[in-house]
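First up is the structure itself, then whatever we jot down about it.
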Amino acid sequence: MTVFKPGNVALISGGAGGIGRAIADLCLSKGMNVAIIDHNIEATKAFVASSKEKYPSATIDGYREDTSNPRAWSLLKKDFIKRFGKIDFLVLNAAINAKSDWKDGTAFAKTMNVNFLGYINGISTFFDEIAASTAESPKAVVLTGSKQGITNPPGNPAYNASKAAVKSIAENLHFDLRDNATTHVHLLVPGWTHTGMTSLLHGTEKPAGAWAAEQVAEYLVEKMEKDEFYVICPDGEVDEETDKKRMAWGVGDVIERRPPLSRWRDDWKEKAAAEINGA
């Protein structure tokens, strides 16, 4: 199965930078037509302009929309279908990482609106089109999650909760479309990736241990071609085996009736580290 065919159409939220832009660039390199959605109007215009220069035969467009607004999606769809005629590949990737505070629910609401409801809106708006796939014209949906939505490290509960919710809806969407062998759903879980969001913490130069966004996009395609639902990306510091052990430890809190988030508690972290790191 592949949606990466010349003439196919991709719609990518959060597509003006980072992983979203890397996926958009990859789609264009394979002869696809691409539209992006992003809140940053200048970055969106820059993407469209540079992409049209590089791929003059492709149809390329950009939308500045609030993905948490269902009406915005409805209006976007009308224009999108009129311009592109169809959709083959829907990538729901837009996200924010507002620092959450237990005394202020604003950050929680804002984060869930973008990181969770924005994905729900995208799925519901294009569900009929994505579900109407055939063996000759397969469709794919990718939802960008986070390892924080699986291992749930302390420090930013709003972001963690939003990404845990993305994992949940991706799993349910995959299950509900299980009888349609030509519509494929994937949960993309990047590792440490150098993007505009992470550069606010680590600076504009890519840290040695981080992957570039282009590496994530290429890894996604590799796993999509194998029809793998969980696309858990490694990075320069964390390999696949370590990821598995970290996830298993988190689930173990429930099974073993340990305190939640035991991996970060003083009375448990040495044992957790020994089991995860094989010490």
Open item on the list: For a quick check of your reading of the model, give me the residue pairs whose first member lies in segment 218-236 and is farther than 15 Å from T144 by Cα and assigned by TED's automatic domain parsing to the domain that holds L188, whose second is of a type in the set (S, T, Y) and not in a strand (DSSP E or B), with beta-carbon atoms closer than 9 Å and at least 6 apart or on different chains.
Closed with: E225/T2
Task: Residue list for segment 222-268, restricted to those being of a type in the set (K, R) and closer than 29 Å to K206 by Cβ - done: K223, K226, K244, K245, R246, R263
TODO: Tally the residues that are of a type in the set (S, T, N, Q) and farther than 19 Å from R263 by Cβ, restricting the search to segment 145-182.
DONE: 5
Open item on the list: Looking at A107, A131, A94 in this structure, which one is surrounded by 14 or more Cβ atoms within 10 Å (Cβ to Cβ), assigned by TED's automatic domain parsing to the domain that holds N172 and more than 18 Å from V141 (Cβ to Cβ)?
Closed with: A107
Open item on the list: Taking the conditions exactly as written (of a type in the set (D, E) and over 28 Å from M247 (Cα atoms)), does E129 satisfy them or not?
Closed with: yes
Open item on the list: Exactly one of these conditions fails for D25: (1) within 24 Å of S137 (Cα to Cα); (2) among the charged types (D, E, K, R); (3) surrounded by fewer than 18 Cβ atoms within 10 Å (Cβ to Cβ). Give me its number.
Closed with: (3)
Task: Residue list for segment 47-90, restricted to those being among the charged types (D, E, K, R) and either surrounded by 20 or more Cβ atoms within 10 Å (Cβ to Cβ) or farther than 22 Å from N121 by Cβ (or both) - done: K52, E53, K54, E65, D88
- [ ] Read through the list (1) closer than 18 Å to P154 by Cβ; (2) at pLDDT 95 or above; (3) among the hydrophobic types (A, V, I, L, M, F, W, C), then give the number of the only condition that L201 fails.
- [x] (2)
Task: Residue check, D239 of a type outside the set (S, T, Y), within 21 Å of the chain's Cα centre (by Cα), surrounded by fewer than 13 Cβ atoms within 10 Å (Cβ to Cβ) and modelled with pLDDT under 95 - done: yes
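Got a number for residues in segment 25-58 being in contact with a helix residue (DSSP H, G or I) (Cβ under 8 Å, 6 or more places away or on another chain), under 26 Å from A181 (Cα atoms) and in contact (Cβ under 8 Å) with a residue 60 or more places away in the chain?
1
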TODO: Please find, among S168, S137, S124, the residue that is in the same structural domain as T195 (by TED's automatic domain parsing), over 19 Å from the mean Cα position of the chain (by Cα) and within 23 Å of T183 (Cβ to Cβ).
DONE: S137
TODO: Scan segment 219-240 for residues that are touching a helix residue (DSSP H, G or I) at 6+ places or on another chain (Cβ under 7 Å) and not aliphatic (A, V, I, L, M) and report the count.
DONE: 3
Task: Tabulated pairs, segment 250-279, first touching a residue at least 40 places away in the same chain (Cβ under 8 Å), second assigned to a loop (DSSP other than H, G, I, E, B) and not hydrophobic (A, V, I, L, M, F, W, C), C-beta under 6 angstrom, 6+ apart or interchain - done: L261/P154; W264/P154
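The values are calculated or read from the model by the stated rules, or taken from the named source; none is laboratory data. From a predicted model like this one, the values you see are computed outputs, not experimental measurements. All Cβ positions, glycine included, derive from the backbone under ideal geometry; neighbour counts span all protein chains shown.
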